[in-house]
Each structure stands twice: as structure tokens, then as C-alpha cells.
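Student: The structure's right below; bear with me while I get my questions together.
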Amino acid sequence: YGNADGIEGVERIDGFSVISQEPIGRSSSSTPASYIGIWDKIRELFARQPEAVSRNMAAGYFSFHSKGACPACGGSGYEKIFLTSDFSVDKQCPTCHGKRFSEESLIVDYKGKTITDVLAMSVSDATVFFSDQRGIVKPLHILEQMGMGYITLGQPTSSLSGGEAQRVKLAKELGQKHSGNI
């Protein structure tokens, strides 16, 4: 406890976490929902819906990296158009219209919302929408309490400011179960 001299009770602390303002991820596939650990739970929830069960659709059908990806754009939501060999522009995918998912994946809904609708939800809206899903709503509630109710579940984490990224990291840390006195 070299730097903790003079702090009473420091011997009872089992550990700590350092939360920086460094970006969470540079990939457009990294989202607040995936970072705080609820994305898999949401995909599994969709896979349990009657329409998904009858079509034999596992959680992979609700991922834009797997079976659920739009076949035309591969789940990116856009087409890369090369104007020269080293200059390109992105154009919204004409097949999925930026939704990133195959038509089959968008047939399934949960409480009237498709997987794309869920990704477009703000943290505040998702907290209400998933109120009956404790494992999903708990980390969302932490984000909302931190003033992050306005970010959307599916926005790229690379679009978050340093302070926003720091609060998302803190929410993830606070939402995890720890042993000891952390």
C-alpha cells in the first residue's frame, strides 16, 4: 500500500479498477450493448421467440456477424464504393437499407420490435422495454443513472467521446459481480 499511507482501512480493500478515457473499440461492430455484456442475452431472447423457434433460428440469426447478416453487405449496412484504388465512399446497402440483418432475421420480433429496432433504442427506452429481463436491464439501469440514457444500444463504441467511453466502462465494471471488498 505504498501510495495509500495515511488512509485508514486500506488493508480491507481487495482490489480496484482503473477506468480510463481510452476508446472502447475502433470497430463498428463494437457497441454499448456488446461492451456491457447484454448483446448475447438480447440475441438469445430473440432466438426463444415462437417465430424463431418454429424457423429453427438460433442466436446467430440475430447477429450481424453470423447467420443473421445481410447477405449483400455482410452485416455492415453499407457498400464500399471505390472511386480510385485508394479512395472509397460508403453507400447505404440497397438490400437491407442499413439495417444490417437478413430479411429472415427481421421477421422475428420481441414485444413488437425487431433486432434492428432494439439496436436503435436509447438506453432509457431499452431500460423500460426490457424491464422484465433482469439480466439485461441491470447494466442499462446503471448507464441511465450515469446520465447515459441518450446513447443507443447499437451505436459504434468508436463514436463515443472519451468521457462517454469512460462511463460505459464504469457501468460495465459496476454491473459485474465481484468477490471480496471491491
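The values are calculated or read from the model by the stated rules, or taken from the named source; none is laboratory data. As the structure is a prediction and not an experimental result, all values here were calculated from the model. Cβ atoms come from the backbone with ideal geometry, glycine included; neighbour counts cover every protein chain shown. Side chains included, ligands, DNA and RNA excluded: accessible areas come from the protein's heavy atoms. Shrake-Rupley method; radii C 1.70, N 1.55, O 1.52, S 1.80 Å.
Student: Output wanted: per-residue J couplings in Hz (rounded whole) for the stretch 36-52, from phi through Karplus 6.51 cos²θ - 1.76 cosθ + 1.60, θ = phi - 60°, x for Gly and Pro.
Tutor: Calculated HN-Hα couplings, in order: 7, x, 9, 4, 4, 5, 5, 4, 5, 4, 5, 5, 8, 6, x, 5, 5 Hz.
Student: Test of understanding: what is the full-extension gain from Ser88 to Ala72, defined as 0.36 nm times their sequence separation minus their Cα-Cα distance?
Tutor: Values: separation 16, 0.36 × 16 = 5.76 nm, distance 1.77 nm.
That pair, Ser88 and Ala72, stretches by 4.0 nm at full extension.
Student: Go through Arg43, Arg48, Arg55 and list them by solvent-accessible area, largest first, probe radius 1.4 Å. Display every interim value, and only then the final one.
Tutor: Numbers: Arg43 40, Arg48 140, Arg55 95 Å².
Sorted descending by solvent-accessible area, the residues read Arg48, Arg55, Arg43.
Student: Compute the length gained on full extension between Glu11 and Arg55: take 0.36 nm times their separation in residues and subtract their Cα-Cα distance, giving the result in nm to one decimal.
Tutor: Contour length minus the Cα-Cα distance gives 10.2 nm.
Student: Per-residue HN-Hα couplings for the stretch 73-89, Karplus 6.51 cos²θ - 1.76 cosθ + 1.60 at θ = phi - 60°, whole Hz, x for Gly and Pro?
Tutor: 10, x, x, 7, x, 8, 10, 8, 10, 8, 7, 9, 5, 10, 9, 9, 10
Student: Suppose a student asked you for the relative contact order of the stretch 81-179, using Cα pairs under 8 Å spaced at least 6 residues apart; what percent would you report?
Tutor: Numbers: 79 pairs, mean separation 20.4, N = 99.
Across the stretch 81-179, relative contact order equals 21 percent.
Student: For the stretch 145-158, take each phi angle, set θ = phi - 60°, evaluate the Karplus expression 6.51 cos²θ - 1.76 cosθ + 1.60, and give the result in whole Hz per residue in order, putting x for glycine and proline.
Tutor: In residue order, the calculated couplings are 5, 8, x, 9, x, 8, 6, 9, 4, x, 6, x, 5, 5 Hz.
Student: Given an 8 Å cut-off on Cα distances and at least 6 residues of separation, report the relative contact order of the chain as a percent.
Tutor: Computed over the chain, the figure is 30 percent.
Student: Right, next: Run the accessible area of the chain with a 1.4 Å probe and give the carbon-and-sulfur part as a rounded percent.
Tutor: 50
Student: Between Tyr78 and residues 5 or more places away or on another chain, which pairs have amide H atoms under 5 Å apart, with H built 1.01 Å from N, and which residues are they?
Tutor: The list, which skips near neighbours in sequence, is Cys93.
Student: Considering only Pro94, Phe129, Ile24, whose Cα is most displaced toward the positive end of the charge dipole of the chain, charges sitting on Cβ of Lys, Arg (+1) and Asp, Glu (-1)?
Tutor: Toward the positive end, the furthest listed residue is Pro94.
Student: Now, a different point. Quick one: grab the alpha carbon gyration tensor of the stretch 111-182, order the square roots of its eigenvalues as a ≥ b ≥ c, and give me rounded if a/c is under 1.5, else prolate or oblate depending on whether a/b is larger than b/c.
Tutor: It comes out oblate by the Cα gyration axes.
Student: Just check the stretch 14-171 against the gyration tensor rule for me: Cα atoms, a ≥ b ≥ c as the square roots of the eigenvalues, rounded for a/c under 1.5, and otherwise prolate or oblate depending on whether a/b exceeds b/c.
Tutor: The shape class here is oblate.
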